[in-house]
Ligand code: NAD
Ligand code: UDP
């Protein structure tokens with residue numbers, strides 16, 4: 001059993017809850033911090049029975065109420081779905097500013113390493129394709145996505161400032177579209193939205209003409225990426241994502257295939273500032289020894305299995 005004590009903010013979320021399980025499995029003690037804004041206690045059902053796990057219900061924008069020694073902080077707390085950009089913009093701005101400063105302060109005070117869960121959204125409507133970490137982004141400071149994009153950019157700057165100013169051992173990972181079990185239908189992100197609608201016999205809601213692209217990473221792969229970057233000495237930003245790029249129409253076809261559903265597509269207007277193309281250049285992550293392994297069809301099947309099992 002390792003002696004490491006790890007704090008995970010956003011522990012009850014989709015990625016956070018899988019990360020908690022992976023940390024417990026390798027013998028770490030884990031303190032999860034979450035206000036259950038977009039997460040769910042049921043995601044921690046396995047962890048809550050584990051002697052190495054405890055949960056603090058708190059809004060990290062008000063502080064991270066964890067005492068005692070801490071070896072590592074993974075700061076994942078933040079709503080992440082474009083639906084939440086519309087419903088929870090102030091919560092996103094607060095957690096991605098004050099929340100990040102509080103989490104960084106915990107790392108500075110305890111001497112813990114600090115990993116920030118940033119996003120491909122820092123590239124905005126990217127001018128470079130695929131996106132490498134050197135791309136400075138093309139991001140709107142106003143509009144529907146700005147609360148999230150700018151909160152992530154502020155948080156990266158804050159993380160790098162604590163590295164430079166206080167010597168905190170920091171990591172910044174830029175996560176590209178990640179999906180899997182525990183991504184709930186009401187979250188609205190496209191993978192689970194399509195899977196859920198298909199299994200209910202409803203039309204798949206395609207925004208625009210469906211030619212926009214994304215690159216979808218299965219959550220187990222992503223969690224391995226977080227652990228790889230955390231364990232490396234890399235303090236520069238690292239893209240984490242699956243470089244296989246598909247259009248929304250291709251994703252719809254893959255969902256129809258895996259569900260066996262025969263439902264039509266319903267074309268709806270494209271949201272404001274919806275990025276046109278997104279694919280990570282993962283050269284830097286590969287150099288650290290990480291790359292995704294789960295193919296889209298397998299990941300979709302595993303996510304569908306979870307949806308069916310939970311009746312979510
Ligand atoms: P999620 O919504 O499932 O998880 C976020 C968790 O943070 C939830 O449990 C929520 O309750 C918690 N939270 C939100 N605000 C909080 C606050 N103020 N205090 C405490 N807890 C709070 O989303 P996810 O997909 O698991 O994303 C996790 C992290 O990864 C987020 O920071 C997100 O921005 C980042 N990310 C995710 C993706 C993706 O595709 N899933 C892509 C890029 C970045
Ligand atoms: N999308 C869609 N139908 C939906 C939900 C999303 O066509 O029901 C599109 C969305 O406009 C975007 C892509 O799918 O182009 C990925 O959207 P998601 O909300 O999953 O994440 P984003 O990458 O936009 O943050």
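Which of (1) surrounded by 16 or more Cβ atoms within 10 Å (Cβ to Cβ); (2) touching a strand residue (DSSP E or B) at 6+ places or on another chain (Cβ under 6 Å) does residue 218 not meet, given it meets every other one?
Residue 218 satisfies every listed condition except (2).
Scan the range 67-91 residue by residue and report those that are within 8 Å of ligand 1 (Cβ to nearest atom) and outside any loop (DSSP other than H, G, I, E, B).
75, 84, 91
Is it the case, given these coordinates, that residue 182 is closer than 29 Å to residue 12 by Cβ, within 16 Å of ligand 1 (Cβ to nearest atom) and assigned to a loop (DSSP other than H, G, I, E, B)?
Details: closer than 29 Å to residue 12 by Cβ: yes; within 16 Å of ligand 1 (Cβ to nearest atom): yes; assigned to a loop (DSSP other than H, G, I, E, B): yes.
Considered against the rule, which asks whether it is closer than 29 Å to residue 12 by Cβ, within 16 Å of ligand 1 (Cβ to nearest atom) and assigned to a loop (DSSP other than H, G, I, E, B), residue 182 comes out as yes.
Suppose we filter the range 262-303 for residues that are in a helix (DSSP H, G or I), over 29 Å from residue 200 (Cα atoms) and within 20 Å of the chain's Cα centre (by Cα); how many remain? Please lay out each step first, then the result.
Step one: list which residues in the range 262-303 are in a helix (DSSP H, G or I), which gives 283-287, 296-303.
Then drop every residue that is not over 29 Å from residue 200 (Cα atoms), which leaves 283-287.
With within 20 Å of the chain's Cα centre (by Cα) added as a condition, the list becomes 283-286.
Result for the range 262-303: 4.
Is the range 79-91 home to any residue that is modelled with pLDDT of 95 or more, more than 16 Å from ligand 2 (Cβ to nearest atom) and under 19 Å from residue 116 (Cβ atoms)?
Yes, some residue in the range 79-91 is modelled with pLDDT of 95 or more, more than 16 Å from ligand 2 (Cβ to nearest atom) and under 19 Å from residue 116 (Cβ atoms).
Any chance the range 229-252 includes a residue that's in contact with a strand residue (DSSP E or B) (Cβ under 7 Å, 6 or more places away or on another chain), under 16 Å from residue 285 (Cα atoms) and assigned to a helix (DSSP H, G or I)?
yes
I want to confirm something. Restricting to the range 238-257 and keeping residues that are more than 15 Å from the chain's Cα centre (by Cα) and touching a residue at least 60 places away in the same chain (Cβ under 8 Å), which single residue is farthest from residue 171 (Cα to Cα)? It would help to see each step written out before you state the result.
Let us first name the residues in the range 238-257 that are more than 15 Å from the chain's Cα centre (by Cα), namely 243-257.
Remaining after also requiring touching a residue at least 60 places away in the same chain (Cβ under 8 Å): 243, 245, 251, 255.
On the way: 243: 21, 245: 26, 251: 31, 255: 34 Å.
Checked the range 238-257; the qualifying residue farthest from residue 171 (Cα to Cα) is 255.
Taking the conditions exactly as written (surrounded by 21 or more Cβ atoms within 10 Å (Cβ to Cβ) and either in contact with a strand residue (DSSP E or B) (Cβ under 9 Å, 6 or more places away or on another chain) or at pLDDT 95 or above (or both)), does residue 292 satisfy them or not?
On the way: surrounded by 21 or more Cβ atoms within 10 Å (Cβ to Cβ): yes; either in contact with a strand residue (DSSP E or B) (Cβ under 9 Å, 6 or more places away or on another chain) or at pLDDT 95 or above (or both): yes.
It is true that residue 292 is surrounded by 21 or more Cβ atoms within 10 Å (Cβ to Cβ) and either in contact with a strand residue (DSSP E or B) (Cβ under 9 Å, 6 or more places away or on another chain) or at pLDDT 95 or above (or both).
Quick check: is even one residue across the range 105-114 more than 15 Å from ligand 1 (Cβ to nearest atom), in a loop (DSSP other than H, G, I, E, B), closer than 25 Å to residue 245 by Cα and touching a residue at least 60 places away in the same chain (Cβ under 8 Å)?
First pass over the range 105-114, keeping only residues more than 15 Å from ligand 1 (Cβ to nearest atom): 107-113.
Then drop every residue that is not in a loop (DSSP other than H, G, I, E, B), which leaves 111-112.
Those left that are additionally closer than 25 Å to residue 245 by Cα: none.
No.
Looking at 20, 64, 60, 30, which one is surrounded by 15 or more Cβ atoms within 10 Å (Cβ to Cβ), within 24 Å of residue 229 (Cα to Cα) and within 8 Å of ligand 1 (Cβ to nearest atom)?
Details: 20 fails: within 8 Å of ligand 1 (Cβ to nearest atom); 64 fails: within 8 Å of ligand 1 (Cβ to nearest atom); 30 fails: within 8 Å of ligand 1 (Cβ to nearest atom).
Matching residue, one of 20, 64, 60, 30: 60.
Considering only the range 7-17, state which residues are under 11 Å from residue 226 (Cβ atoms) and within 8 Å of ligand 1 (Cβ to nearest atom). Spell out how you get there, then give the answer.
Taking the range 7-17 as the starting set, the residues that turn out to be under 11 Å from residue 226 (Cβ atoms) are 8, 15-16.
Listed by number, the residues that qualify are 15, 16.
Considering only the range 125-151, state which residues are surrounded by fewer than 21 Cβ atoms within 10 Å (Cβ to Cβ) and assigned to a strand (DSSP E or B).
138
If we keep just the residues of the range 1-36 that are assigned to a loop (DSSP other than H, G, I, E, B) and in contact with a helix residue (DSSP H, G or I) (Cβ under 6 Å, 6 or more places away or on another chain), which is farthest from ligand 2 (Cβ to nearest atom)? Spell out the reasoning first.
Applying the first criterion (assigned to a loop (DSSP other than H, G, I, E, B)) to the range 1-36 yields 1-4, 10-13, 26-28, 35-36.
Narrowing further to those that are in contact with a helix residue (DSSP H, G or I) (Cβ under 6 Å, 6 or more places away or on another chain): 10-12.
Working: 10: 17, 11: 22, 12: 20 Å.
It comes out as 11.
State yes or no: is residue 195 closer than 24 Å to residue 81 by Cβ, buried (at least 21 other Cβ atoms within 10 Å of the Cβ), more than 16 Å from ligand 1 (Cβ to nearest atom) and at pLDDT 95 or above?
no
Check the range 92-111 and report whether any residue there is at pLDDT 95 or above, within 22 Å of residue 189 (Cβ to Cβ) and within 16 Å of ligand 2 (Cβ to nearest atom).
There is at least one residue in the range 92-111 that is at pLDDT 95 or above, within 22 Å of residue 189 (Cβ to Cβ) and within 16 Å of ligand 2 (Cβ to nearest atom).
The values are calculated or read from the model by the stated rules, or taken from the named source; none is laboratory data. What you are looking at is a predicted structure, and each value in this text was computed from that prediction instead of being measured. A quick note on method: Cβ atoms are made from the backbone with ideal geometry, for glycine too, and the neighbour counts reach across all protein chains shown.
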